[in-house]
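Have a look at the structure below before the remarks.
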Amino acid sequence: MDVVGINSEEQDAIFRVVAAILHLGNIEFAKGKEMDSSTPKDEKSWFHLKTAAELFMCDVKALEDSLCKRVIVTRDETITKWLDPESAAVSRDALAKVVYSRLFDWLVDRINSSIGQDPDSKYIIGVLDIYGFESFKTNSFEQFCINLTNEKLQQHFNQHVFKMEQEEYTKEEINWSYIEFIDNQDILDLIEKKPGGIIALLDEACMFPRSTHETFAQKLYQTFKNHKRFAKPKLARSDFTICHYAGDVTYQTELFLDKNKDYVIAEHQALLSASKCSFVACLFTTSSDESSKSSKFSSIGTRFKQQLQQLLETLSSTEPHYIRCVKPNNLLKPAIFENHNVLQQLRCGGVLEAIRISCAGYPTRKPFDEFLDRFGILAPEVLDGSDEIRACKKLLEKVGLKGYQIGKTKVFLRAGQMAELDSRRTEVLGRSASIIQRKVRSFIAQKSYILLKRSALQIQSVCRGQLARQIYESMRREASSIRIQRNLRMHLSRKAYKELQFSAVSIQTGLRGMAARNELRFRRQTKAAILIQ
């Protein structure tokens, strides 16, 4: 509630009112001391009564009197009448109902004002969510109103899908045969025709104090005994059956009169308008319009019919789009699909009828400019600047379609022909896309090849230069090593030669010295021998 602009004080007041309504529902009544009087049944009921009065911020005694008594104002005097327990329970329910209704209306108005819709806006987007036709074991006034809404919306759907389609054919001067479809106008006349409809008879019964649901039912039986959409169940005294668009629904009239009455009990109005809670008192402020309406009879059915008419006027002024929700099974479980149930929903929603009408006529229609803009690629030569009608005819003749119609402003195609044109368009676009892809891929491949070749040449040039430098460096190293080896070997050879020469000379010197010394010794020995001799 913070999001929609409801402050904390208003939230507390809302919860206070809702809690009071819940406590009201727990109050039970028993017979009082006086004849045809009533009083809260036990301590528990007294507790709920006091709690409700505390929440409403009103006097406990005043709340009790408003539930158990009724004030009748005559010309001469004011009479206070006690209510029996059943009437007190009805008064309690009426109070809870009117408080809840006022609170609901206040919330709707507050949310609408918080949303801040521009009243001068030319465009609106609205979402209407409705469950659909209701048929239960017991169908009361609520189901009657809901099914009336569905009948109205179904008629709007019929007018939009069926009648408007055939009006389109007439407007475009298309040769067509009238297609029959199920119209529910007779059901709407049965329910809301004034005078003589069910709602009018219900309002008339509500205005008479002595009317009961049985007299209302008898009035319906007498008025609509020959109506093909109305039937009386064999074993029922106050039930009636309406043959709706979606199927037959039997209604129980026991609470029709009570639920149709739209008025606020004066005691309830006076009690809550004097509440110390400003929020509750604001809900029950009496305006001049409401005071004037209080003197006139007002019913829920009539007000509902007026609001429904306003809704349909809004729908008629907009471009509607329908979304049909289908319940796959009654078990509310996944992966279960009940064929009969789904088919019945499609039939009741008018979907199958819409498909039949659509397939029988020309479900696809395109303005000339859109048609040529979309399918002109199938025959480009027809787009030579001639008028659009002749170009469309030439195009359709070239592609070989039959059974189509040319209107004043649109091309009308049979079921399946748009799919065939789209298929051919897809083929042409596919071939064109292939050519474009081929050219683009060729260009990209060529560009990639040139870039790759240039890169390869640069890499080869760098690699070859590097290899040449490495070979040159290796050759320099080899030449240097050979030179170093040569010099080293020459040095080693020279050194070895000199060592060998020195050794040889040393040996020769020693040998020659020894030989000279031996010669000298021999000569000395010889000389000595000679001397001796």
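The values are calculated or read from the model by the stated rules, or taken from the named source; none is laboratory data. For clarity, every value in this text was computed on a predicted model and none was experimentally measured. Heads up, the Cβs are rebuilt from the backbone with ideal geometry, glycines too, and the neighbour counts pull from every protein chain shown. In case anyone asks, the SASA skips ligands and DNA or RNA and just uses the protein heavy atoms, side chains included. Shrake-Rupley method; radii C 1.70, N 1.55, O 1.52, S 1.80 Å.
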Residue within the range 237-248 that is within 24 Å of N150 (Cβ to Cβ) and either in a helix (DSSP H, G or I) or open to solvent by 70 Å² or more (accessible area, probe 1.4 Å) (or both) present: yes
In the range 95-138, the residues that are among the aromatic types (F, W, Y) and closer than 30 Å to T253 by Cβ: Y100, F104, Y131, F133, F136
Options E388, E427, E420: the member that is of a type in the set (D, E), at pLDDT below 85 and surrounded by 10 or more Cβ atoms within 10 Å (Cβ to Cβ): E388
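Okay, residues lined up against (1) modelled with pLDDT under 90; (2) crowded, with 17+ Cβ neighbours inside 10 Å; (3) part of a strand (DSSP E or B):
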residue	(1), (2), (3)
F47	no, no, no
K50	no, no, no
L67	yes, yes, no
T80	yes, no, yes
A89	yes, no, no
V99	no, yes, no
Conditions (1) open to solvent by 30 Å² or more (accessible area, probe 1.4 Å); (2) more than 13 Å from C58 (Cβ to Cβ); (3) among the hydroxyl-bearing types (S, T, Y); number of the one not met by S273: (2)
Search result, residues across the range 113-145 that are within 30 Å of Q345 (Cα to Cα), part of a loop (DSSP other than H, G, I, E, B) and among the aromatic types (F, W, Y): Y131, F133, F136
Qualifying positions in the range 253-277 - under 37 Å from the mean Cα position of the chain (by Cα) and of a type outside the set (K, R): F256, N260, D262
Count of residues meeting criterion [under 37 Å from the mean Cα position of the chain (by Cα) and open to solvent by less than 70 Å² (accessible area, probe 1.4 Å)] in the range 17-27: 5
Residue check, I355 modelled with pLDDT of 95 or more and aliphatic (A, V, I, L, M): no
In the range 171-188, residue modelled with the lowest pLDDT [restricted to those that are touching a Gly at 6+ places or on another chain (Cβ under 7 Å) and surrounded by fewer than 18 Cβ atoms within 10 Å (Cβ to Cβ)]: I179
Conditions (1) in contact with a Leu (Cβ under 9 Å, 6 or more places away or on another chain); (2) open to solvent by 70 Å² or more (accessible area, probe 1.4 Å): number failed by E370: (1)
Out of D109, D84, D59, D105, sole residue that is in contact with a strand residue (DSSP E or B) (Cβ under 8 Å, 6 or more places away or on another chain), on the phi < 0 side of the Ramachandran plot and surrounded by fewer than 18 Cβ atoms within 10 Å (Cβ to Cβ): D84
Contacts under 9 angstrom Cβ, first residue in the range 104-125 being farther than 16 Å from A13 by Cα, partner open to solvent by less than 80 Å² (accessible area, probe 1.4 Å) and assigned to a helix (DSSP H, G or I), 6 or more apart: I124/T314
Unmet requirement for D36, which otherwise passes all of (1) touching a residue at least 24 places away in the same chain (Cβ under 8 Å); (2) open to solvent by 30 Å² or more (accessible area, probe 1.4 Å); (3) under 22 Å from Q269 (Cα atoms): (3)
Selected residue (criterion: least open to solvent (accessible area, probe 1.4 Å)) from residues of the range 295-352 that are without any contact (Cβ under 8 Å) to a residue 60 or more places away in the chain and small (G, A, S): S298
Residue check, S113 of a type in the set (S, T, N, Q) and more than 19 Å from L272 (Cβ to Cβ): yes
Cross-chain or 6+ apart pairs with Cβ under 7 Å, the range 443-466 first and at negative phi, then surrounded by 10 or more Cβ atoms within 10 Å (Cβ to Cβ): none
Conditions (1) of a type outside the set (S, T, N, Q); (2) more than 31 Å from the chain's Cα centre (by Cα); (3) part of a strand (DSSP E or B); number of the one not met by R365: (2)
